[in-house]
Amino acid sequence: MAIYHFSAKVIGRGAGSSAVASAAYRSASRLHDERLDRHHDFSNKTGVVHSEVMLPDGAPERLRDRQTLWNAVEAGENRKDAQLAREVEFVIPRELSREQGAALAREFVAKEFVARGMVADLNVHWDIGSDGQAKPHAHVMLTMREVGPDGFGAKQRNWNATALLQSWREQWASHVNDRLQSLGIEARIDHRSYEVQGIDLEPQHKIGAAGARRLECGEDAERADEHRAIAKSNGAKILANPEVGLDTLTRTQATFTTRDLVLFAHRHSDGKEQFDQVLAAMRGSDALLALGRDGQGNERFTTVSMRSAEEGLAKNAEALARAAHRVSSFAVERVVRAAAARGLVLGTEQRRALEHVTKAAGLSLVVGYAGAGKSAMLGVAREAWEAAGYTVRGAALSGIAAENLEGVRASPRAPSPASNTVGCATATG
């Protein structure tokens, strides 16, 4: 099952860190640290499947060399407590191949970091955990100063904004889910906290491969104890009510396999005895619904509530298909001109999509890549529907899409009849 993890931290001298040493470790390479006049050699480290320095437009090509890059960063900072780099770490879905995972990470880094002017040192790790399962994740070291043809300049304080980090967290989830959908993979991830999602379990700290090795050596005992305590507490909650576990599973995927059940029980239990009990409780729950075997021969399950929800969606879709929410071409053209006057000019594909959703059909579908402008187009469609007298109800998986739908305001008009309602939802792919 896909797992969400996205964290950010600052690498600084105040904590005794070196940017060159950090880069050498994450890239499994040997780099010379000019400030300390020593080599940092981690070339024996395994599991790095993709390593690349990505440059924004205008950056000198010499910075593509990792050793040159991070020595330049070190040389540009004089303070003993200087902040040298920002590191972002995120988990890659294990449902992807190594090539797919590296491409996914690279595209996200290019769009969210490099396009903003940061130099990004991307390293994709494909570690294997003690349970024999892959634990793919990416480490991205980011520069904190603007960069031009002559090298680094002033620090960009706006890159420290909390709102920007929150946006990155949400955009990573959206980016992953779009790719999983395009590949026909059912699993999804959610950037929201367990509490916001309504999940009655306590989130656990992520312990990566390096952390696991420290635990095996008896280090980080306090962190290990806390990790096991949370797992044991979650296991007790699932034993008391197995539906808690099953509901959590179906928050990110509508169906799941026996392997998914096993991995989930392993994550939310402490020791073999509790693991066996948690797995047995979930498999024996009346809420579990067997669906038979899929195309790969894996037995698949869902929950009674998930099946009911899907059946309800199907019935609602059939009802919408028999309805009609037509808007005249004149009215559509009017809102398009109004949007253009505000600076929102729809592209050719957006115009086609707008004409498609405002025709007579009661149910219309639009599919497009992330960033293609679906949400902006739907905002204009909302104006057209409301101007025609319809009441619009919007639903969106993405917070940004929801804000786009909510932010559009039509001209004052007479109240619309409650029965004359159109639903508006954005596609995720």
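Quick look at the numbers
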read-out: Three-way shape label, the chain, alpha-carbon gyration tensor, a/c 1.5; value: oblate
read-out: Estimated dipole of the chain in Debye, rounded to 20 [Cβ of Lys and Arg +1, of Asp and Glu -1, Cα centre]; value: 1080
read-out: Two-decimal Rg/Rh across the stretch 229-372, once Rg and the Kirkwood Rh are taken from alpha-carbon atoms; value: 1.22
read-out: Solvent-accessible ranking of Ile199, Ile128, largest area first, probe 1.4 Å; value: Ile128, Ile199
read-out: Subset of Lys9/Lys237; Lys9/Lys135; Lys111/Lys155; Lys135/Lys374 violating a 30 Å alpha-carbon distance limit; value: Lys9/Lys237; Lys135/Lys374
read-out: The stretch 1-125, dipole about Cα centre (Lys/Arg Cβ +1, Asp/Glu Cβ -1), debye to the nearest 20; value: 220
read-out: Neighbour cut-off at most 15 other Cβ (10 Å), DSSP loop, trypsin sites (Lys or Arg not before Pro), the stretch 1-40; value: Arg35
read-out: Dipole axis of the chain (+1 Lys, Arg; -1 Asp, Glu on Cβ), positive-most option in Ala317, Val345, Thr46; value: Val345
read-out: Taking the convex hull of Cα positions in the stretch 25-119, its mean projected area over all directions (nm²); value: 7.2
read-out: Surface accessible to a 1.4 Å probe, per residue, for the residues of the chain, Å²; value: 52
read-out: Lys, Arg +1 and Asp, Glu -1 on Cβ, resulting dipole of the stretch 234-287 about Cα centre, debye, nearest 20; value: 160
read-out: Residue (of Ala388, Gln277, Leu378) at the positive-pole extreme of the chain, dipole from beta-carbon charges; value: Ala388
read-out: Ranking by accessible area, most exposed first, for Tyr4, Tyr390 with a 1.4 Å probe; value: Tyr4, Tyr390
read-out: Largest-first ordering by accessible area, 1.4 Å probe, given options Asp33, Asp225, Asp286; value: Asp286, Asp225, Asp33
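The values are calculated or read from the model by the stated rules, or taken from the named source; none is laboratory data. All figures in this text were calculated on a predicted structure; none of them were measured in a lab. Here Cβ is always computed from backbone atoms with ideal geometry, including for glycine, and neighbour counts include all displayed protein chains. Note: areas computed on protein heavy atoms with side chains; ligands, DNA, RNA excluded. Shrake-Rupley method; radii C 1.70, N 1.55, O 1.52, S 1.80 Å.
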